1. Whose amide H sits under 5 Å from the amide H of Phe68, counting only residues 5 or more places off or on another chain, with H placed in the peptide plane?
2. For the chain, which chymotrypsin sites (Phe, Trp or Tyr not before Pro) are both in a DSSP coil and crowded by at most 14 other Cβ atoms within 10 Å?
3. Could you provide, to the nearest whole Å², the per residue accessible area of the chain with probe 1.4 Å?
4. As I understand it, the dipole of the chain uses +1 on the Cβ of Lys and Arg and -1 on the Cβ of Asp and Glu, about the Cα centre. Which of Asn47, Ala64, Leu5 lies farthest toward its positive end?
5. Carbon-plus-sulfur fraction of the accessible area of the chain, 1.4 Å probe, in percent?
6. Once you have the Cα-Cα distance between Met38 and Met6, take 0.36 nm times their residue separation minus that, and quote the gain in nm to one decimal.
7. Kindly sort Ile29, Ile11 by accessible area of their heavy atoms, largest first, with the probe set to 1.4 Å.
8. Rounded if a/c is under 1.5, else prolate if a/b beats b/c, else oblate: with a ≥ b ≥ c from the C-alpha gyration tensor eigenvalues square-rooted, which is the chain?
Amino acid sequence: MLARLMGLKTISPRNLNRMAQNAEAVCVIDVNSRQSCMKSHVPGARNLAPSVFLKSDLPPQKNATLVFYC
C-alpha cells in the first residue's frame, strides 16, 4: 500500500513470473538483510542493501523493469 501512496507501480507474483518466463528484461532486487535473504528469497533475485548499492549494481539494459521487494 505504501508503494501506491508513493506513486510506484506494483506487480503481482503471477505477472512477475510471466515476465521472467517470457525472457523480458526484468531485474528483481531483494532489499532485505542478507540473513533474511539467505533464509528465503525470490528465485533469481539479487540481494542489495538500499543504502549502499551502486549504479553498477543495476542491469545494463536501460529498459529493464526493476522490481524491489522486502
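1. Residues meeting the amide H criterion: Ile29.
2. Sites meeting the loop and neighbour criteria: Phe53.
3. I get 82 Å² per residue for the chain.
4. Leu5
5. Looking at the chain in its full context, I get 57 percent from C and S.
6. 8.7 nm is the gain from fully extending Met38 to Met6.
7. Order by accessible area, largest first: Ile11, Ile29.
8. rounded
The values are calculated or read from the model by the stated rules, or taken from the named source; none is laboratory data. Here the structure is a predicted model, which is why all the values come from computation and not from measurement. When we count neighbours, we look across all protein chains shown, and the Cβ atoms used for this are built from the backbone with ideal geometry, even at glycine. With ligands, DNA and RNA removed, areas are computed over all heavy atoms of the protein, side chains included. Shrake-Rupley method; radii C 1.70, N 1.55, O 1.52, S 1.80 Å.
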